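The values are calculated or read from the model by the stated rules, or taken from the named source; none is laboratory data. Note that the coordinates shown come from a computational prediction; the quantities given were computed from them, not determined experimentally. Neighbour counts run over all protein chains shown; Cβ positions are idealised from the backbone, glycine included.
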Amino acid sequence: MSTIVITGGKVITMDPANPAAEAVAVRDGRVLAVGREPEVLAAAGPGAEVVLAGGRSVLPGFVDPHNHLLSTAESLVAVDARYPGVGSARDLVARIAAEAARTPAGQWIRAYGMDDAKFPGGRPTRRQLDEATTDHPVIVYHVSGHQAVVNSAALAWRGIGEDVADPAGGAFVRDEGGRLTGMVLDSAMELLLPVAVDIGCHGPNFHVDLPREQLRSWLEMSAEPYLKAGVTTVCDPQVSRRELEIYRSAWDAGTLPVRTVVMPLSHMLDELTSIGLAGPFGDDRLRFGAMKFYCDGTLLGGTAMFDEPYGDDFTGTLYHRPEELVDLVRRAASAGWQVGVHTQGDRAMGYTLDALKAAVAVSGDDARPRIEHCGHPTPAQVREFASLGVIPVNQPNFLYDSGTDFVRRLGDRRAHRLQPMREELDAGLRPVLSSDSFVSSLRPMETVSNAVRRRTREGGPIGAEQAVTLEEALRAHTVDAAYALRMEDVIGSLAPGKLADVVVLDADVRSLPADELSGVDAWLTMLGGRIAYRSGRAASEV
Ligand SMILES: [Zn+2]
C-alpha cells in the first residue's frame with residue numbers, strides 16, 4: 001500500500017504525548033509518523049502521495065459507540081418521517097403517498113423518526129394513513145423506536161382485527177369507541193412486521209424480517225453517508241443473529257462500510273456462554289464488544305422509569321425485575337463480558353447501578369461498564385459512576401431534537417440535568433458521545449455541536465451548565481469512545497502504529513463559531529490507510 005502524507009492542516013491528535021501536529025503520514029494501513037512537516041515528510045520518504053489539507057482540522061476518524069448501523073442503513077432507504085421535514089399528519093400522509101406511487105403494490109412501506117408530539121393535530125391515525133395508500137401495508141415508526149402507527153392494510157395483512165388482544169409487553173391503542181387507532185406500542189409492533197428473531201422480553205424488537213440480499217445491499221449503500229460524516233468505527237448496540245449474519249457476509253466480502261463492533265443482546269447470554277464466546281473477540285473490522293441489556297424504556301415514549309412521574313403521569317416500565325437484571329448482568333460479567341445497560345430514568349439508574357456493582361465485583365477494576373443513553377442520573381449516582389468507572393454513553397442530539405418536549409414533560413429541574421456531561425467530566429469520568437442513529441442523525445459534528453451548545457431546536461437552553469468544550473466533545477467522540485469499545489490501543493488517536501483512520505474536516509473547527517459546527521462534514525476520510533471518501537468525488541474515483 002502506498003504512503004500518504006496529509007499536511008497543511010491543523011492536526012488534533014488526541015494523543016496526550018503529542019496533542020497538536022502539522023502533518024500525518026500513513027503506510028500499510030497504519031499511522032507512520034505524526035509531527036512537524038519536515039520530519040513527517042522525511043519519514044514518509046520520496047514518492048509519498050501528499051494531500052494538502054488547506055488549514056482544515058485533521059482528526060482521528062470519529063468513533064460512534066452507539067450507532068445501529070444496519071438499522072440506519074435500512075432507514076436511509078425508507079421514508080424519512082423526522083421533524084421538521086414531517087411536521088404534521090398531513091405531511092406524513094403526503095410522503096407515504098409519494099412513496100406508494102413508486103412502490104409495487106403489496107410491498108411494505110416503512111417510515112422512521114415520526115415525532116408526533118410536534119404535530120399540531122396530535123397523533124396520526126390508521127384512517128389518515130389509509131388516505132395515503134390501501135394497496136401497501138404501511139408502518140411508521142415513532143422517533144423512540146418503541147411505538148408505531150400502521151394503516152388498515154397492515155392490520156389486514158397480518159389478520160389483526162378489532163378483537164385482537166394486547167400481547168405481553170405491548171398494546172394496541174384504541175379510541176373512545178374501543179376501535180383500533182393504528183397506534184401500536186412496544187411488543188405489539190412485532191405482530192405487524194414479523195420479526196426475524198425471538199428476543200423475548202430483552203428489548204424492543206426492531207429486528208424485522210426483510211430479504212437478506214436487500215439488507216446487505218442497503219448496508220453497503222450506507223458507506224457514503226458514514227464516511228462523508230467522518231465516521232470510521234461504529235458500535236451497533238443491539239445485535240441479534242439477523243444483524244450479525246449481514247455484517248459477517250459484508251465483512252467476508254470486504255464491503256463492511258466502517259469498522260464495526262457488535263453488542264449482542266442479552267437474550268443470547270446463555271447460548272454464547274455455552275460455547276465460551278465473549279468480547280472483545282474478532283478483528284479490526286468486525287468484532288464482538290460488550291453485551292447489551294435493557295433496564296427501562298424511553299424518555300420520548302414515556303416509558304423511562306423515574307422516582308417521580310412525568311408528563312401525563314408516566315411511571316415507566318422495566319424489561320426485567322431489578323433482581324433479575326442484577327443476576328443477568330452478573331452472569332454476563334462472569335462469562336467475561338463487558339456490559340452496557342440501556343437506562344434513562346433515575347429510578348432505573350439505581351437498579352442499573354446495582355447490576356453494575358455486581359459486574360464490577362466480578363470483572364475487577366477495568367470492567368468499563370457502560371450506561372447507554374444515561375438520561376437522568378442524580379448527582380449522587382454520578383458519584384457512584386466514578387467509583388465504578390462507569391462510562392456514560394451520551395446522545396445530546398436528543399436534547400436538540402426533543403429538549404423542549406423534555407422541559408415540558410420532566411420540568412425544569414430534571415430536564416436541565418439530562419445527560420449531565422459537565423458533571424460527569426468533573427467527577428473524573430470519561431463520558432462518550434454517540435448518535436443512537438437511526439433514531440437520530442449519524443453525523444458526529446451534529447452531536448459534538450449539541451454537546452457544546454446545549455440548545456434545543458427551538459433555540460432555548462437545555463442544561464446550559466452541562467455544556468462541554470469543543471475539545472472535550474471531540475475527545476468523547478474519538479479516543480474516549482475507543483476506550484468504551486476497548487479499542488483505544490488501535491483507534492481513536494493519531495500516533496505511530498495506530499490504525500490509519502483519519503478525517504480531514506471541511507473547516508478549521510477550532511476557529512468556527514459554535515453555531516456553525518453542526519454543518520461540518522468530512523473533506524476527506526481515510527479508513528485503514530486508504531482514502532475512502534473525498535468531498536465532491538464519487539466513491540469509484542477517490
Ligand atoms: Zn440505541
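The set of residues in the range 269-299 that are crowded, with 20+ Cβ neighbours inside 10 Å, in contact with a Lys or Arg (Cβ under 9 Å, 6 or more places away or on another chain) and under 16 Å from Ala482 (Cα atoms) comprises Gly279, Gly289, Ala290.
Looking at Ala43, Ala89, Ala48, Ala20 in this structure, which one is buried (at least 17 other Cβ atoms within 10 Å of the Cβ), free of Cβ contacts under 8 Å to residues at least 24 places away in the same chain and over 21 Å from the mean Cα position of the chain (by Cα)? I'd like the intermediate steps shown before the answer.
Values: Ala89 fails: free of Cβ contacts under 8 Å to residues at least 24 places away in the same chain; Ala48 fails: free of Cβ contacts under 8 Å to residues at least 24 places away in the same chain; Ala20 fails: buried (at least 17 other Cβ atoms within 10 Å of the Cβ).
Ala43 is the lone residue from the list that is buried (at least 17 other Cβ atoms within 10 Å of the Cβ), free of Cβ contacts under 8 Å to residues at least 24 places away in the same chain and over 21 Å from the mean Cα position of the chain (by Cα).
Determine whether Leu470 is in the same structural domain as Ala290 (by TED's automatic domain parsing), within 30 Å of Gly279 (Cβ to Cβ) and modelled with pLDDT of 95 or more. Judged against the criteria, Leu470 is not a match.
Only residues that are among the polar types (S, T, N, Q) and out of contact with any Ser or Thr (no Cβ under 6 Å at 6 or more places or on another chain) were counted in the range 325-357, giving 3.
Quick one: is Gly47 more than 16 Å from the ligand (Cβ to nearest atom), part of a loop (DSSP other than H, G, I, E, B) and at pLDDT below 95? Criteria met by Gly47.
So which of Arg212, Arg216, Arg248 ends up being over 20 Å from Phe62 (Cβ atoms), basic (Lys, Arg) and buried (at least 19 other Cβ atoms within 10 Å of the Cβ)?
The unique qualifying residue is Arg216.
Scanning the range 431-456 for residues that are surrounded by fewer than 23 Cβ atoms within 10 Å (Cβ to Cβ), over 18 Å from the mean Cα position of the chain (by Cα) and not in a helix (DSSP H, G or I) gives Arg455, Thr456.
The set of residues from the range 419-440 being at pLDDT 95 or above and within 16 Å of the ligand (Cβ to nearest atom) comprises Gln419, Val432, Leu433, Ser434, Ser435, Asp436, Ser437. Taking residues in the range 100-121 that are over 27 Å from Ser440 (Cβ atoms) and not assigned by TED's automatic domain parsing to the domain that holds Ala81, and partners anywhere that are of a type in the set (Phe, Trp, Tyr) and surrounded by fewer than 18 Cβ atoms within 10 Å (Cβ to Cβ), not one pair has Cβ atoms closer than 7 Å while being at least 6 places apart or on different chains. Apart from one condition, Glu308 fits all of (1) closer than 22 Å to Tyr351 by Cα; (2) surrounded by fewer than 22 Cβ atoms within 10 Å (Cβ to Cβ); (3) in contact with a helix residue (DSSP H, G or I) (Cβ under 6 Å, 6 or more places away or on another chain); the exception is (3).
Summed over the range 243-266, the residues that are of a type outside the set (Ser, Thr, Tyr) and within 16 Å of the ligand (Cβ to nearest atom) give a count of 6.
Out of Ala507, Ala481, I need the residue that is part of a loop (DSSP other than H, G, I, E, B) and of a type in the set (A, V, I, L, M). Which one?
The unique qualifying residue is Ala507.
Among all positions in the range 53-72, there is no residue which is without any contact (Cβ under 8 Å) to a residue 24 or more places away in the chain and surrounded by fewer than 19 Cβ atoms within 10 Å (Cβ to Cβ). Residues that are more than 16 Å from the ligand (Cβ to nearest atom) number at least 2 in the following strands (runs of 3 or more DSSP E) confined to the range 54-146: 57-60, 109-114, 138-142.
In the list Arg475, Arg530, Arg443, Arg510, which residue meets the criterion of being within 25 Å of Ala48 (Cβ to Cβ) and basic (Lys, Arg)? Lay out the reasoning, then the answer.
Details: Arg475 fails: within 25 Å of Ala48 (Cβ to Cβ); Arg443 fails: within 25 Å of Ala48 (Cβ to Cβ); Arg510 fails: within 25 Å of Ala48 (Cβ to Cβ).
Unique residue meeting the criteria: Arg530.
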